[in-house]
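**Student:** Here it is, the structure, as structure tokens.
The values are calculated or read from the model by the stated rules, or taken from the named source; none is laboratory data. These numbers were taken from a predicted model, which means no experiment stands behind them. Virtual Cβ from ideal backbone geometry, glycine too; neighbours counted across all protein chains shown.
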Amino acid sequence: MNHARSAALQQRAESLLPGGVDSPVRAFRAVGGHPPFVTRGQGAYLWDEDGNRYIDYFGSWGPMILGHAFPPAVEAIQAAATRSASFGASTAAEGDLAELVVKAFPSIEKLRFVSSGTEATMSAIRLARAFTGRKYIIKFEGCYHGHSDGLLVKAGSGVATFSIPGSAGVPDEIAHLTLALPFNDLDAVQKAFATYKDQIAAIIVEPVVGNAGTIPPGHGYLEALRALTTVEGALLIFDEVMTGFRLSLGGAQELYRIQPDLTTLGKIVGGGLPCAAFGGRAEIMNQLAPLGPVYQAGTLSGNPLAMAAGIATVGYLVKHRVEVYAQLESVTDTVANGVAAEASKAGIAMTTNRVGAMWTWFFTGSPVTDYASAAQSDTATFAVFHRAMMEQGIWLPCSQYEAAFLGIAHSIADAEATIAASRKAFASVAET
Ligand code: PMP
């Protein structure tokens, strides 16, 4: 594969943008090789500046469930753009998308649109603190909830990829208010509630962790978090930025039948445009300005292009719900198991965690149930595998601590091509 143009563009980018990127994992530091500079996407494929084609298994890190340049979304964005990119005033589209979200997520009575998952979780935490009058929050090691100060403590995604314990620039006084506990460990949560009696405002959790790689909740774990928060007078916040509309139309909360107090959404809800949301019980949401004392705002919140893309995407998922989620399940099952079988044939230790169209191949022979067990993975071998797959036109998320995704444009033929490529990639792994 030729990478000359991408390499030259990377060099220019590095002189202008820190690390050459606007978001750290894009720099491919964990896996090495050249980050391809993308020119276009169509369906399940991406093309780079050197004309190479890739099967895309990260889907813009989650949003592209309907594939790239999905015609109804393209038309909706084009039509909205002709009426102006932004007004900073109310539009009917905000209510249209809000209605779709509220119907899909019965725990959400009211919501507010923002422009990123970071804003959604940051605002949900502020709201939870105001509503309960308490200041501590519980999060889980390896979960990533965006890059606001208090949520970077023991975070996943790029924070885990680069082995950063949190972030420089976050005062201890703020980090101190975040209690980071191991995922899937109920005892740890019970102890925290006992130690910080009546001081914990909320638990925020990725109900299926994606940002330490994919880690499903243990049997009864989410139910227990729901019961404990209710008894202790704390709020339960499901961060469904990744899982919302992906694991099922109504996200992980529909799959596991849990009603959180607040939910954060992002990625799919905006169909690839900068859009996210937080919502929940009306009694809590009504604390937001202008009704209540919790301030939260955004120049581009509810942006008309983002609303148009979100309505087209979520509207399609609603209309074709049964076929969409059945197809996602079947193609993901084929590719996830097929590659795992090749690893096994090649004698490579691998644990595959999958929930719906979200999965991770961990390079470890032991079960992965929390961040500590995910961190047992052989990341050097993952890097060799990743590079060998990229060279064959298979673009997997460029860190062991990320989930892979696919969308409705991925065919069984794509899955089979991926399995065949993995056979060769595992051969190069075995050689190193
Ligand atoms: N929460 C979760 C679960 C996420 O996966 C992410 C981003 N990957 C975020 C929050 C932050 O979203 P954003 O990058 O849009 O700020």
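**Student:** Which condition breaks for residue 168 when tested against (1) surrounded by fewer than 17 Cβ atoms within 10 Å (Cβ to Cβ); (2) within 16 Å of the ligand (Cβ to nearest atom)?
**Tutor:** (2)
**Student:** Between 125, 65, 137, which is at pLDDT 95 or above, under 28 Å from residue 212 (Cβ atoms), outside the structural domain of residue 205 (by TED's automatic domain parsing) and of a type in the set (Val, Ile, Thr)?
**Tutor:** 65
**Student:** If you don't mind, another one. What number goes with the only condition from (1) away from the ligand (no atom under 14 Å from the Cβ); (2) in a helix (DSSP H, G or I); (3) under 23 Å from residue 256 (Cα atoms) that residue 138 does not pass?
**Tutor:** Single failed check for residue 138: (2).
**Student:** Something else about it: Would you say residue 105 is surrounded by 15 or more Cβ atoms within 10 Å (Cβ to Cβ) and farther than 17 Å from residue 253 by Cβ?
**Tutor:** No: the conditions fail for residue 105.
**Student:** Next question. Surrounded by 20 or more Cβ atoms within 10 Å (Cβ to Cβ) and outside any helix (DSSP H, G or I) - does that describe any residue in region 77-100?
**Tutor:** Looking for residues that are surrounded by 20 or more Cβ atoms within 10 Å (Cβ to Cβ) and outside any helix (DSSP H, G or I), one finds none in region 77-100, hence no.
**Student:** Can you tell me which residues in region 163-201 are touching a strand residue (DSSP E or B) at 6+ places or on another chain (Cβ under 6 Å) and of a type in the set (Gly, Ala, Ser)?
**Tutor:** Residues satisfying the conditions are 180, 188, 192, 201.
**Student:** Okay, moving on. For residue 295, indicate whether it is farther than 30 Å from residue 86 by Cα, away from the ligand (no atom under 12 Å from the Cβ) and aromatic (Phe, Trp, Tyr).
**Tutor:** Taking the combined requirement at face value, the residue does not satisfy it.
**Student:** Go through region 274-299 and count every residue that is surrounded by 18 or more Cβ atoms within 10 Å (Cβ to Cβ) and aliphatic (A, V, I, L, M).
**Tutor:** Here the count works out to 6.
The rows are residues; the columns are (1) within 11 Å of the ligand (Cβ to nearest atom); (2) under 18 Å from residue 245 (Cβ atoms); (3) touching a His at 6+ places or on another chain (Cβ under 8 Å).
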{"site": "84", "(1), (2), (3)": "no, no, no"}
{"site": "91", "(1), (2), (3)": "no, no, no"}
{"site": "118", "(1), (2), (3)": "yes, no, yes"}
{"site": "122", "(1), (2), (3)": "yes, no, no"}
{"site": "143", "(1), (2), (3)": "yes, no, no"}
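**Student:** What helices (runs of 4 or more DSSP H) completely inside region 145-198 contain at least 3 residues that are at pLDDT below 95 and in the same structural domain as residue 209 (by TED's automatic domain parsing)?
**Tutor:** In region 145-198, 158-161, 172-175 are the helices (runs of 4 or more DSSP H) which contain 3 or more residues that are at pLDDT below 95 and in the same structural domain as residue 209 (by TED's automatic domain parsing).
**Student:** Shifting gears a bit: Among (1) surrounded by 24 or more Cβ atoms within 10 Å (Cβ to Cβ); (2) assigned to a loop (DSSP other than H, G, I, E, B); (3) among the small types (Gly, Ala, Ser), where does residue 202 come up short?
**Tutor:** For residue 202, the failing item is (2).
Table: residues versus (1) small (Gly, Ala, Ser); (2) away from the ligand (no atom under 16 Å from the Cβ).
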{"position": "157", "(1), (2)": "yes, no"}
{"position": "174", "(1), (2)": "no, yes"}
{"position": "186", "(1), (2)": "no, yes"}
{"position": "191", "(1), (2)": "no, yes"}
{"position": "201", "(1), (2)": "yes, yes"}
{"position": "208", "(1), (2)": "no, no"}
{"position": "211", "(1), (2)": "no, no"}
{"position": "229", "(1), (2)": "no, yes"}
{"position": "236", "(1), (2)": "no, no"}
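**Student:** Does residue 162 satisfy the condition of being more than 12 Å from the ligand (Cβ to nearest atom), over 18 Å from residue 278 (Cα atoms) and among the aromatic types (Phe, Trp, Tyr)?
**Tutor:** Spelling it out, residue 162 is indeed more than 12 Å from the ligand (Cβ to nearest atom), over 18 Å from residue 278 (Cα atoms) and among the aromatic types (Phe, Trp, Tyr).
**Student:** Here is a further query. Test each condition in (1) under 14 Å from residue 306 (Cα atoms); (2) surrounded by fewer than 22 Cβ atoms within 10 Å (Cβ to Cβ); (3) of a type outside the set (D, E, K, R) for residue 52 and report the one that comes out false.
**Tutor:** Going through (1) under 14 Å from residue 306 (Cα atoms); (2) surrounded by fewer than 22 Cβ atoms within 10 Å (Cβ to Cβ); (3) of a type outside the set (D, E, K, R) one by one, residue 52 breaks only (1).
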